[in-house]
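This report concerns only the one structure given below.
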Amino acid sequence: MMMVKHSENPGTPPPALMAAMDKLIDSNIKDGTMIYTGGLAPTAQSTRVRVAKGKITVTDGPFTEAKEIVGGYAIFDLKSKEEALEKAKVFMDLHREHWPEFEGETEIRQIFAPEDFPQHQDFAQHLEVLRTKAS
């Protein structure tokens with residue numbers, strides 16, 4: 001998974017960036033590496049549900065303490081960290097080229113599934129049964 005982080009209000013992306021991103025997304029979907037992508041609403045439209053010391057609290061945004069937020073994400077099926085790094089560099093290069101004043105980063109995180117944890121094979125099998133029933 002790749003998460004794009006930036007300040008709360010980076011401004012409106014230029015049309016040239018959006019067009020370049022459309023081409024990149026189309027290419028990633030066609031080559032079978034991109035599973036899903038999307039943008040996220042500003043924190044002013046968000047809510048946090050937190051548990052601390054046994055108590056659940058709900059806080060509506062905006063969150064003034066947030067220095068940077070996750071503004072978008074993409075889920076890929078890639079074979080290596082190197083492949084993920086290359087995809088992230090290409091994506092950030094589009095920002096550098098088409099939106100020079102943008103400041104942000106792409107964080108790459110591996111998504112684990114139950115089968116990645118041998119000690120939880122019963123849970124993995126249970127999920128597979130649920131997936132089969134749902135389809």
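What FRET efficiency would be calculated for the residue pair Lys79, His120, taking the C-beta separation as r and a Förster radius of 35 Å, to the nearest 0.05? Working from the Cβ atoms, E equals 0.90.
For the chain, the antiparallel share of DSSP beta bridges with both residues in that region comes to about 100%.
Evaluated over the chain, the count of Lys pairs having alpha-carbon atoms less than 15 Å apart is 6 (only pairs 8 or more residues apart or interchain).
Cα gyration tensor of the range 8-54, axes a ≥ b ≥ c as square roots of the eigenvalues: rounded (a/c below 1.5), prolate (a/b > b/c) or oblate? Oblate.
Summarising the amide proton neighbourhood of Thr37: residues at separation of 5 or more, or on other chains, whose placed amide H is nearer than 5 Å comprise Ile75.
Please say if the chain is rounded, prolate or oblate, where rounded means a/c under 1.5 for a ≥ b ≥ c the square roots of the C-alpha gyration tensor eigenvalues, and otherwise the choice is prolate for a/b larger than b/c and oblate otherwise? Cα axes put the chain in the oblate bin. Checking the a/c ratio against 1.5 first, then a/b against b/c, what shape does the Cα gyration tensor give for the range 87-135? Here the range 87-135 falls in the prolate category. Comparing mean-square fluctuations of Lys55, Lys67, Lys79 from a GNM of the chain with C-alpha springs under 10 Å, the top value falls on Lys55. For the range 1-106, averaging the sequence separation of C-alpha pairs within contact (under 8 Å, six or more residues apart) and dividing by the residue count gives a relative contact order of 45 percent.
To the nearest 10, the accessible area of Met92 is 50 Å² with a 1.4 Å probe.
The values are calculated or read from the model by the stated rules, or taken from the named source; none is laboratory data. Everything numeric in this text was worked out from a predicted model, so none of it was measured. With ideal geometry, Cβ positions are generated from the backbone for all residues, glycine too; neighbour counts draw on all protein chains shown. The accessibility values were calculated without ligands, DNA or RNA, using every heavy atom of the protein model including side chains. Shrake-Rupley method; radii C 1.70, N 1.55, O 1.52, S 1.80 Å.
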